[in-house]
Structure formats: C-alpha cells, structure tokens
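Student: Handing you this structure, nothing more for now.
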Amino acid sequence: MSEDVKYNLLHTLNVNIIDYIQQINVFIVSIPEEKRSLIESTLLSSPLIDFVEIDYHIMISQVPSDPYYPLQWYLEKINCPSAWDITSGNSNVVVAVIDSGVDPTHPDLADKLLKGWNFYDNNDDTSDVYGHGTRVAGVVAAIANNNIGIAGVAWKCLILPIRVTNANGYTTSSLISKGLIYAADRGAKVAVISFQVFGGSTITSAAKYFVEKGGVVIAAAGNTGKYENYSDNQYIISVSATSSNDVIASFSSYGPYVDLSAPGVSVYTTARGGGYVAVSGTSFSAPIVAGIAALMYSLNPSLTPNQIEQILESTAVDLGDPGYDVYYGWGRVDAYKALKAVLETTSRGSSSSITNTSTTSNDTTPPTVKIVYPANGETVSGSITVKVDVNDDVGVAKVELYKNGVLFAVDFDAPYDFYWDTTVDLDGAYVFMAKAYDLAGNVGESNNVTVNVLNNNVNSFSTVNNIVDTTSPTVKIVKPLNKQVVTKTVGIEVSATDDSGVDKIELYIDNTLIATIKAVPYIYNWDSRSVNNGWHKVTAKAYDLYGNYAESSISVYVYNG
C-alpha cells in the first residue's frame, strides 16, 4: 500500500511520526529545525509525496471585546480578524511612534509604552503636547480584549514614544532624523512618521540607518489632495489614504513616491486625555501599515526590511489602474494576505527565502544592472519584452523599470522581464532606466537606454543634412475625459511626444493660461471651484524645442453644488 511505502521512506529519513490521518493519507511528523530544509527537499523530490507543510498552531477566531470595535470599520476592511487568527503581535516587537508624544495615562495605551525620549525639549518626558501622537499610537497597538475602547492593529506589540514636535505640532527634519536613529539603536523594528515626509538628505540618511538596523520606516503621503511630483524614497514606505469604498480619499496626496494605500477616513482611535475620537488623514493610514508590519515581524523576526515591503506590496489589493499607480501605489494593504505570505515564506526554509541578516548587513556592494533588450537607439513596434540583467553577490530583492523618469513596473523574481505594449504609446523616443535592490538595501542603476517607437501612430519626421524640424508635437489630454462632469480639484493629465523633444506644456481654461509644465509627468491639479458651474473648455498646447506646437482641447462640465 502507498502509506506503507511512505512510512518506510519516513523511517529511512529518521523522521518521528506522531500521527496519521488515514482518510486523506497525511502523516504528521516531527522534524528537528536544523534538518527541516534538507528533509523537506528530500521528501518533495519523491514522487510518493504530494506536499510538505508546517502544522501551524491556529487560534479560535475572535472578535475583540472592546466596546468601540464595531466603529473600527477599517479593521474588517484590511482583514485584521483573520490576521489575528495567525498572530496579534508579540511584545518583543517595538513600534516607534515619532510624533508629538503619547498620553502615558491613557487606559488603552499605558501598559504598552516603553520609556522613550523627547528630542524637542531634550528630556525623557514623552507626554503628548498636541494630541496627534496618541491617535497614531492607538491605531498601531491599542490594547484589545480589555473591555475598554478600541483594538489596535498589532495589539500585543509595544510602543516606543518619541516626541519631536512643539505644542503646535511642528517639527523639523533633523528632529525626526534623531528620533529615527534613537529608535533604531533601541531595537525598534518599525517606525511610523505621520508627517508628509518625501525625502531630504538628512531624513533619508536616518531612514537608511534604520533600515540597515533591520527595520522599516512608514510615513504618511500627506493631505494636500493633489499630485506631488516627488521621487520614490527607497528607505521610506509612503502611504496614501482610502475610504471605506476603497477609493482614494479626497484629501490624500498622491504621486510616484506613494508605495501603498490604507484606510484613512473616519479612523476611530485613542485621544489625549483618555477618550476616543474619529479622525481622517494619511496620518492614520501610515500606522495601519506600521501595525501590519509589526504583525509580520512578530510572526517571523528574521524577515529583512526588503522582504517586509515586498510582501506588503505583493499582497495588497490592487486598486485603480492595474499594477502600480500614483494614487494607491501597489494597492490597499491586506493584513491577512500579508501574514499568510509570511507563513509561506517561512515554510520554505531559511535556505530558500530567509536571508542571514548578519551577511546582508555587511554587504555594501550594489547590484550591477543592465537593460539588455532593446538596445540603445533601437526602433521597436507592437508588443515587446524589456529584459534586464542583474547580478549581486548576496541576492536581488526587486528590480524597478522606469520610463521617462516614471516608475513603469516592478519585478521581484528573475528573469527580470517587463511587458510593454508600445501601441498604447505615441510614436517617438522613450528613455528607460532600471534600478535593482539587493537584500541588504543597496541599489544599483543601469545606464539610460533610448528606445524609438514606430507604430505609425503619428507622422514621424526625420531630420537629414541638418534640415530644421518643422513637425509639430503630438498632444492629447488623457484625463479628464471629454464631456466629463468634474468637481473640486481635478487632475489634468496630458500626453505629449516629439522627435526633437517636448519643451513645455501650456494649459488653458477657456483660453486663459493657468499653468506651464516643463517636465513629465504632465499633470496639473486644477481647482474647478475657480470657475462657475457649467461647460468649460480645457486646452493643452505642446511646444517642441524648435518652437513648433500642437494643441488638444476637451470640454468638461463643472459642478460644485
């Protein structure tokens, strides 16, 4: 019988059989941790074995007893109850809240607070002077099942309060940076900065220091309600805000720096003075992501910062345009899917998935990166695959491909191939560059590769014998759509190409110039409340380097009540 043969195989490997489920022909065995990877690979190589998996401990599904839990709609939205069946956190995992301080007497937080530091006054009084930090801390780790108030995302993890603001909620990049370094030196695995932090050399250096110590830095995307043209910061995970309907919040900032999104509207949390309050803002989206990261570290403290970010992004619920977009990043976070992915990563064993941090922490050599197809100056048409070659002595975490300076796609596994349907782009020249991140956080960049698209989408013009370019650019208003009803702030997005290069884009409302854009992406946030309700003409004029221009116009109906 097949079970007899399987038994003999297990016996040969000196595996201790502790139970057998006859109906489904499953053996439950005990394997020493140091031999698990070898025995697992040996078993899987046998045609007699269908699968090998860890027999995980599973808790009874629970809903916290906290009276205000029903008001915390966002916990259900990100699948926290299912995630808590796997883990609700670990007191060995510390989340640094770098903010206005935290109320040390709040009944839902007092037992979760470590001794922190006040960098604004340079003392150990981390009491909340503005109220913001207490709200952030409650989202991360308010005590659950205590019949009081609310439940935090990672309610068994601890909070390291770090005050960096004055009594009016203002701070500086240097104080935030000092807070990050302090938290890293005290073993915090997650730091949440609920400020609009895009970059800057000081903060980036401090975030890099934190990441190199094995932790992740989570920041709010901001509440300007408009496009922010900031580059992605490889050491900071920036989070935009979504509503209960999984759409971008009207107040949320967005742009190419956004990595993830999370609920940020009517988030019920702790308030300074012992109470509770419903608040909105990306300031409260960021601690949701920080809480999930803390749960992931609780489940597997050996995960690297790159693995944490990779899992968060790959398990997020894709919203907006397919794949990455500037509104939602890689999508809205899902706690259960992230923890499930951590379990799968852990079950594959240290040899295949978990990197030795002592090895990566000593690695300072960035990967070598090269775009091997198409070649520089090559002309392409139709659908092609952009191929990137990457080499690193430790291991590659991910590869990003940029088109005209904007993130185009990300690949986490070799071979690093990126599908590009050139027919959706206008004919012209496109510049590609690839970035590769290794498991130690080092980044390598390829040289720029210029690729010419020719699908007869435009009337191409070649300059021969120094003939002056007389061909106008091609221009199109991509968003909003013609005859669309618009309200409040509207993102006007323009696509433009030219053989000699686009010099600038001018935007007009009813023939009145409202903006001039000099660099891609050609996006402008127009406040439609500046005009009366009714039909209005939107015109985009594209100028090339020789002064030739072309224009595109649409009509929109403005309605602001």
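Quick grid of which residues meet (1) modelled with pLDDT of 85 or more; (2) aromatic (Phe, Trp, Tyr); (3) surrounded by fewer than 17 Cβ atoms within 10 Å (Cβ to Cβ); (4) over 21 Å from residue 225 (Cα atoms):
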position	(1), (2), (3), (4)
472	no, no, no, yes
506	yes, no, no, yes
521	no, no, no, no
528	yes, no, no, no
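Student: Test each condition in (1) modelled with pLDDT under 85; (2) within 30 Å of residue 207 (Cβ to Cβ) for residue 464 and report the one that comes out false.
Tutor: Here residue 464 clears every test but (2).
Student: A follow-up question, please. If you go through the range 418-432 one residue at a time, do you hit one that is of a type in the set (A, V, I, L, M, F, W, C), modelled with pLDDT of 75 or more, under 24 Å from residue 216 (Cβ atoms) and surrounded by fewer than 18 Cβ atoms within 10 Å (Cβ to Cβ)? Lay out the reasoning, then the answer.
Tutor: Initially, the range 418-432 is screened for residues of a type in the set (A, V, I, L, M, F, W, C), giving 418, 420, 424, 426, 429, 431-432.
Checking which are modelled with pLDDT of 75 or more leaves us with 418, 420, 426, 429, 431-432.
Within this subset, residues satisfying the condition of being under 24 Å from residue 216 (Cβ atoms) are none.
Looking for residues that are of a type in the set (A, V, I, L, M, F, W, C), modelled with pLDDT of 75 or more, under 24 Å from residue 216 (Cβ atoms) and surrounded by fewer than 18 Cβ atoms within 10 Å (Cβ to Cβ), one finds none in the range 418-432, hence no.
Student: Still on this structure, I have one more. Looking at 240, 250, which one is assigned to a loop (DSSP other than H, G, I, E, B) and not assigned by TED's automatic domain parsing to the domain that holds residue 403? Can you show your working first?
Tutor: Working: 240 fails: assigned to a loop (DSSP other than H, G, I, E, B).
Selected residue: 250, the only one of 240, 250 that is assigned to a loop (DSSP other than H, G, I, E, B) and not assigned by TED's automatic domain parsing to the domain that holds residue 403.
Student: Can you list residue pairs whose Cβ atoms sit under 8 Å apart, with the first residue in the range 386-415 being farther than 16 Å from residue 439 by Cβ and the second being in a loop (DSSP other than H, G, I, E, B) and among the hydrophobic types (A, V, I, L, M, F, W, C)? Count only pairs 6 or more apart in sequence or on different chains.
Tutor: 404/520; 405/519; 405/520; 406/520
Student: State the number of residues belonging to the range 466-515 that are in a strand (DSSP E or B), under 21 Å from residue 536 (Cβ atoms) and of a type in the set (Asp, Glu).
Tutor: Selection size over the range 466-515: 2.
Student: Here is a check on your reading of the model: is residue 204 in contact with a Ser or Thr (Cβ under 6 Å, 6 or more places away or on another chain), free of Cβ contacts under 8 Å to residues at least 60 places away in the same chain and not in a strand (DSSP E or B)? Talk me through it step by step, then tell me what you get.
Tutor: On the way: in contact with a Ser or Thr (Cβ under 6 Å, 6 or more places away or on another chain): no; free of Cβ contacts under 8 Å to residues at least 60 places away in the same chain: yes; not in a strand (DSSP E or B): yes.
No, not satisfied.
Student: What single numbered condition from (1) part of a helix (DSSP H, G or I); (2) touching a residue at least 40 places away in the same chain (Cβ under 8 Å) fails to hold for residue 177?
Tutor: Of (1) part of a helix (DSSP H, G or I); (2) touching a residue at least 40 places away in the same chain (Cβ under 8 Å), only one is false for residue 177: (2).
Student: Follow-up question, since we're still on this one. Only one of 498, 510 is buried (at least 17 other Cβ atoms within 10 Å of the Cβ) and among the charged types (D, E, K, R); which? Step through it out loud before you land on a result.
Tutor: Working: 510 fails: buried (at least 17 other Cβ atoms within 10 Å of the Cβ).
Result: 498 is the single residue among 498, 510 that is buried (at least 17 other Cβ atoms within 10 Å of the Cβ) and among the charged types (D, E, K, R).
Student: Another one. Only residues that are of a type outside the set (A, V, I, L, M, F, W, C) and closer than 23 Å to residue 439 by Cα: list them for the range 362-385, please.
Tutor: Here is the first cut: in the range 362-385, the ones of a type outside the set (A, V, I, L, M, F, W, C) are 362-368, 370, 373-374, 376-379, 381-383, 385.
362, 363, 364, 365, 366, 367, 368, 370 - these are the residues of the range 362-385 that are of a type outside the set (A, V, I, L, M, F, W, C) and closer than 23 Å to residue 439 by Cα.
Student: Going by what's in this entry, would residue 251 be described as aromatic (Phe, Trp, Tyr) and either surrounded by 24 or more Cβ atoms within 10 Å (Cβ to Cβ) or closer than 30 Å to residue 147 by Cα (or both)?
Tutor: Working: aromatic (Phe, Trp, Tyr): yes; either surrounded by 24 or more Cβ atoms within 10 Å (Cβ to Cβ) or closer than 30 Å to residue 147 by Cα (or both): no.
No.
Student: For the range 501-518, which residues satisfy the criterion of being farther than 17 Å from residue 480 by Cα and small (Gly, Ala, Ser)?
Tutor: Result: 501, single match.
Student: Could you run through the range 394-432 and say how many residues are in a loop (DSSP other than H, G, I, E, B), over 24 Å from residue 496 (Cα atoms) and in contact with a strand residue (DSSP E or B) (Cβ under 8 Å, 6 or more places away or on another chain)?
Tutor: Our first condition is that a residue be in a loop (DSSP other than H, G, I, E, B); within the range 394-432, this holds for 394-395, 404-405, 412-415, 425-427.
Next, from what is left, pick out any that are over 24 Å from residue 496 (Cα atoms): 394-395, 412-415.
Next cut, in contact with a strand residue (DSSP E or B) (Cβ under 8 Å, 6 or more places away or on another chain) only: 394-395, 412, 414-415.
So the count comes out to 5.
Student: Follow-up question, since we're still on this one. Go through (1) closer than 25 Å to residue 438 by Cα; (2) part of a loop (DSSP other than H, G, I, E, B); (3) at pLDDT 95 or above for residue 231 and report which single condition fails.
Tutor: Residue 231 satisfies every listed condition except (3).
Student: A further question on this structure: Using the structure shown, decide if residue 191 is under 22 Å from the mean Cα position of the chain (by Cα), without any contact (Cβ under 8 Å) to a residue 40 or more places away in the chain, outside any loop (DSSP other than H, G, I, E, B) and assigned by TED's automatic domain parsing to the domain that holds residue 87.
Tutor: Values: under 22 Å from the mean Cα position of the chain (by Cα): yes; without any contact (Cβ under 8 Å) to a residue 40 or more places away in the chain: no; outside any loop (DSSP other than H, G, I, E, B): yes; assigned by TED's automatic domain parsing to the domain that holds residue 87: yes.
So residue 191 fails the test.
Student: Could you go through the range 166-174 and let me know if any residue there is at pLDDT 95 or above and either in the same structural domain as residue 271 (by TED's automatic domain parsing) or aliphatic (A, V, I, L, M) (or both).
Tutor: So in the range 166-174, the residues at pLDDT 95 or above come out as none.
Taking every residue of the range 166-174 in turn, none turns out to be at pLDDT 95 or above and either in the same structural domain as residue 271 (by TED's automatic domain parsing) or aliphatic (A, V, I, L, M) (or both).
The values are calculated or read from the model by the stated rules, or taken from the named source; none is laboratory data. Note that this is a predicted model, so its numbers are computed, not measured. Cβ: placed from backbone, ideal geometry, glycine included. Neighbour counts: every protein chain shown.
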